[in-house]
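Okay, structure first, notes after.
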Amino acid sequence: MTSRINHRTCRAQGWDNAVPVCEMVKCPAISTDGEVTASGNTEEGSYGDVIHFECVSSDKMIDGSSDIRCEETGKWSDVVPKCKAKQKLCPVLSVENGFIYSHPSNKEKIFYSCNTGYKPFTGNWWDSVTCSKGSWSDEPRCIRKEECGALPSVHHGKLTLRDPETADVECDPGYMSTDRSIKCTNGRWEKPVCKEVRCDIPPNVENAVITSEPEELYLPKSTVTYVCRNSYLMNEKTVFCQRGTSEKPPTCQGQREITCQSNGEWSSPFYKCEETKCVAKLTANMRSDEHRGSEVSVRPGQTITLSCVRRGYTLQGQNKITCQTNGEWSSAFPKCISQTTSCGPPPDVNDADTIELKKDEYNTGERVEYNCFNKYTLDLRPPLSRYLTCEQGEWRGNIRCLKPCTVTVEEMDRRGIELAYANRQKMFAPHSDHITFMCKRGKVSVAVRELRQQCNDGVMTLPECVRRGE
């Protein structure tokens, strides 16, 4: 269908929109380079037509589909192919001081071995090479048995040649080797082994227990969690488990976790358990009746009494608090607050203003009401509201105005859309309102976003329409 609108509605004045028009699907003309010939209706393909391609030169072959079909979308099923050179044959092989064998049904793979006193360079007593794209995967070589050939393979690691008879061993993460290097002796390389890293039993911590059953060995990334006995907390002193041995464990501060790492070491920090204490740092306006100075440190079960020093201030909270076994106080730490109860003028709020004129002073309990600017929407979701309240000399409350969305003709032109029910140069939509768009003539929606969009606090994601076939 070539019409932009595929529906009509009966209205009081008669049928709206034009009569839809259907035409036969056509595919674009086919053009090829000088190396490719095409047979079929290449000037103007119709739905179902097939184009066949061949190479002009017998030394080349089609690189891609040799047949393409005109589909119902008006596009060809594949791109026009090119010609590429046919795969070359590999050169004839011969092995000095050795012999080869190839199976009659598979000329692309050749096996070879060496004469007495020689061996393949790879270190095996026989080996093979494969033909691919006109070249062999390797050069078959026979060397004397006493010579050092290629480095051996190592699972979960690699080797680096240091000198003709020495190679360094590097294992993958999570593996390690007991030997840092290997030697070649009488034409034979030592066999390196990269073993999986494991950690031994975690070290003992006094006054603590691990919250899982003991294992014989611990793999990398496995973890154990320490928990201290009552009235003890875990500290953060570092101790490492290295290849089955560890430093002398320290003497616990709670619950801590360590992990077996890929290098065989337990992760840090390693912990000790120490007796719990509660610590408080007093402000200059607060004091403890039982202790002198600005810092108080007591054991679980002990109680301190607090009071304010300056006149005009009162203690907000409990004046007696007790240290608990987990190192926390029995209630929230109190504060010294001013006894002044009046508030000054209410503060400014973004995109809003007070309904009534502001006063210079407000008493505790008084509140002021705000209203958002034009097109802005007041957010009344808890804990937000339309009021601020004076409480003990401070304004308390939260007010928020949600922004409107703006849609311009320039933005719609860039996306190939227009308003479905209006014709304005610029349009505002308050928060949560919807705008319905439609594609411009000759364009279709990319179907990633709906044509009806909602404004969300000043943000609206516009749909997009493109020309047919793009």
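Worth pointing out:
- Those residues of region 302-313 which are at pLDDT below 90 and surrounded by 13 or more Cβ atoms within 10 Å (Cβ to Cβ), in sequence order: Cys308, Tyr313
- Which listed residue, of Ser246, Ser262, Ser268, Ser212, is more than 30 Å from Lys145 (Cβ to Cβ), among the small types (Gly, Ala, Ser) and at pLDDT 80 or above: Ser212
- Failed item in (1) within 30 Å of Ala85 (Cα to Cα); (2) part of a loop (DSSP other than H, G, I, E, B), with Ile51 passing the rest: (2)
- Region 179-223 - residue that is part of a loop (DSSP other than H, G, I, E, B) and among the basic types (Lys, Arg) and, of those, surrounded by the most Cβ atoms within 10 Å (Cβ to Cβ): Arg198
- Residue in region 414-434 that is touching a Phe, Trp or Tyr at 6+ places or on another chain (Cβ under 6 Å), part of a loop (DSSP other than H, G, I, E, B) and not small (Gly, Ala, Ser) present: no
- Options Asp138, Asp163; residue that is assigned by TED's automatic domain parsing to the domain that holds Phe111, closer than 29 Å to Tyr118 by Cβ and not polar (S, T, N, Q): Asp138
- Screening Cys241 with (1) hydrophobic (A, V, I, L, M, F, W, C); (2) assigned by TED's automatic domain parsing to the domain that holds Thr325; (3) at pLDDT below 80 gives one miss only, at (2).
- Residues in region 178-194 that are in contact with a strand residue (DSSP E or B) (Cβ under 7 Å, 6 or more places away or on another chain) and at pLDDT below 85: Asp179 only.
- Residue pairs meeting the criteria (Cβ under 8 Å; at least 6 apart or on separate chains; first at negative phi and outside any strand (DSSP E or B), in region 112-126; second surrounded by 12 or more Cβ atoms within 10 Å (Cβ to Cβ) and among the hydrophobic types (A, V, I, L, M, F, W, C)): Asn115/Phe99; Asn115/Cys142; Phe121/Cys142; Phe121/Ile143; Phe121/Ala150; Thr122/Ala150; Trp125/Cys114
- Evaluated against (1) surrounded by fewer than 16 Cβ atoms within 10 Å (Cβ to Cβ); (2) among the basic types (Lys, Arg); (3) under 39 Å from the mean Cα position of the chain (by Cα), Arg400 falls short on exactly one condition, (1).
- Within region 55-88, being surrounded by 15 or more Cβ atoms within 10 Å (Cβ to Cβ) and more than 47 Å from the chain's Cα centre (by Cα) holds for one residue alone: Cys55.
- Close pairs (9 angstrom Cβ cut-off, 6 or more residues apart or separate chains): outside any loop (DSSP other than H, G, I, E, B) in region 17-40, loosely packed, with under 13 Cβ neighbours inside 10 Å and small (Gly, Ala, Ser) anywhere: Lys26/Ser46; Cys27/Ser46; Ala38/Ser31
- Where strands (runs of 3 or more DSSP E) fall entirely within region 327-410, those with at least 3 residues that are closer than 30 Å to Ala429 by Cα are at 352-354, 367-372, 405-408.
- Among the candidates Arg381, Arg424, residue that is exposed (fewer than 13 other Cβ atoms within 10 Å of the Cβ) and modelled with pLDDT under 90: Arg424
- In the set (1) under 48 Å from the mean Cα position of the chain (by Cα); (2) at pLDDT below 85, the condition left unmet by Glu44 is number (1).
- Selection count where residues are closer than 30 Å to Lys277 by Cα and exposed (fewer than 12 other Cβ atoms within 10 Å of the Cβ), scope region 332-360: 1
- Scope region 314-331; condition of a type in the set (A, V, I, L, M, F, W, C) and either exposed (fewer than 12 other Cβ atoms within 10 Å of the Cβ) or under 44 Å from the mean Cα position of the chain (by Cα) (or both); matching residues: Cys323, Trp329
The values are calculated or read from the model by the stated rules, or taken from the named source; none is laboratory data. Bear in mind that the values here come from a model prediction, so they are computed numbers and not experimental data. Neighbour counts are summed over all protein chains in view; Cβ atoms, including those assigned to glycine, are modelled from backbone coordinates with ideal geometry.
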